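To keep things clear, I will list the structure first and then write my remarks on it.
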Amino acid sequence: MSELVRRFRYPLTYLVLASFSIIGLASRPEPAELGIAPRLVLDATAPLERMVVLPVSAARSLWNDYLALVGVRHENQRLREELLRLREENLQYREAIVASERFQRLADFRSAREVPMVPANVIAHDVSPWFRSIVIDQGTSSGIRPGMPVITDEGVVGLVAGTTPGASKVLLVTDPQSRVDAFVQRTRARGSVRGRSIAACEFEYVLRDGDIRTGDLLVTSGLDAVYPKGLIVGLVADTKREPYGLFQRAQIEPSVDFGTLEEVFVLLDRKELPSEAEFASSVADLWSEPDADHVASSDLPAD
């Protein structure tokens, strides 16, 4: 028994002192200043009380914090979803504004032209590295035929190369098979714009004494019976004049950004020159020797 008391003497001492303190406080009928002995007992038992209360307070605080974190997590998730929704709406509004501005610009461009044209949307790009073409969503049902020029408000796009009732394939000006007769707007130096399979073209067959400078604007000449006169083709990016030969060349940057092209116009105005046979048949005797009888009869005075 004495061994058990000796082992637990400190806890028993604190328990006895705390009991005396509680009994002393409970025995007072009304609040009053504590005496020396009760204060000593209270001071001695205060650490024990804090040790008992501390785990309970810590557990309560942890539980409250957990509940608060759960609420914050749900609120954070709700705010994230709301932010994503607002970002999506903002993106749609911005896209609508950009599309509206683009459509207005295209409408103004169309109204300023007297040539009938059909608007079309780009629905595919040719992924081949050797050919540069696009597919649009208008075809023969809209009056489109091969050989018709395709343009946009930025400049020349290309030429209709093939059609179906609901779609058309357009050969871009950057394709090696493409040719556009053009001249420098500033000096009227004339040549042929040829595609180079990349986002660039070359201005060929320009007379050696032609005045071409970097930054010059190229426009269609209208002499190829394909494109109307005055459409923008591109800007001169670099010039190259060989030490010999009759012609000079220039690198051209197209005015149309084909990577972002979305809408185009097809000009329903395909020009066709008369055949050589028609010209020859109408002027076959232009340089022939006049008939003697015809000349003599024509010289006689009228009665």
Open item on the list: Among the residues in the range 240-250, are any in a loop (DSSP other than H, G, I, E, B), modelled with pLDDT of 80 or more, of a type in the set (F, W, Y) and surrounded by 10 or more Cβ atoms within 10 Å (Cβ to Cβ)?
Closed with: no
- [ ] Just give me the residues in the range 187-213 being of a type in the set (D, E) and either without any contact (Cβ under 8 Å) to a residue 24 or more places away in the chain or out of contact with any Phe, Trp or Tyr (no Cβ under 8 Å at 6 or more places or on another chain) (or both), in sequence order.
- [x] E202, D209, D211
Open item on the list: If I go through the range 163-181 residue by residue, how many of them are under 18 Å from Y205 (Cβ atoms), assigned to a strand (DSSP E or B) and not basic (K, R)?
Closed with: 2
TODO: Would you check if G162 is more than 16 Å from P228 (Cα to Cα) and surrounded by fewer than 16 Cβ atoms within 10 Å (Cβ to Cβ)?
DONE: yes
Open item on the list: Against the conditions (1) among the small types (G, A, S); (2) at pLDDT 90 or above; (3) more than 15 Å from L231 (Cβ to Cβ), where does A199 fall short? Just the number, please.
Closed with: (2)
Task: Every pair of residues 6+ apart whose Cβ atoms lie under 9 Å, when the first sits in the range 214-229 and is assigned to a strand (DSSP E or B) while the second is of a type in the set (S, T, N, Q) and surrounded by fewer than 16 Cβ atoms within 10 Å (Cβ to Cβ) - done: L217/Q185; L218/Q185; V219/Q185
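Condition check ((1) modelled with pLDDT of 90 or more; (2) surrounded by 10 or more Cβ atoms within 10 Å (Cβ to Cβ)) across all residues:
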{"position": "E82", "(1), (2)": "no, yes"}
{"position": "I97", "(1), (2)": "no, yes"}
{"position": "P116", "(1), (2)": "no, yes"}
{"position": "W130", "(1), (2)": "no, no"}
{"position": "I136", "(1), (2)": "yes, yes"}
{"position": "S142", "(1), (2)": "yes, yes"}
{"position": "P149", "(1), (2)": "yes, yes"}
{"position": "A167", "(1), (2)": "yes, yes"}
{"position": "L171", "(1), (2)": "yes, yes"}
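The values are calculated or read from the model by the stated rules, or taken from the named source; none is laboratory data. For clarity, every value in this text was computed on a predicted model and none was experimentally measured. Please note: Cβ atoms are built from the backbone with ideal geometry, for glycine as well, and neighbour counts cover all protein chains shown.
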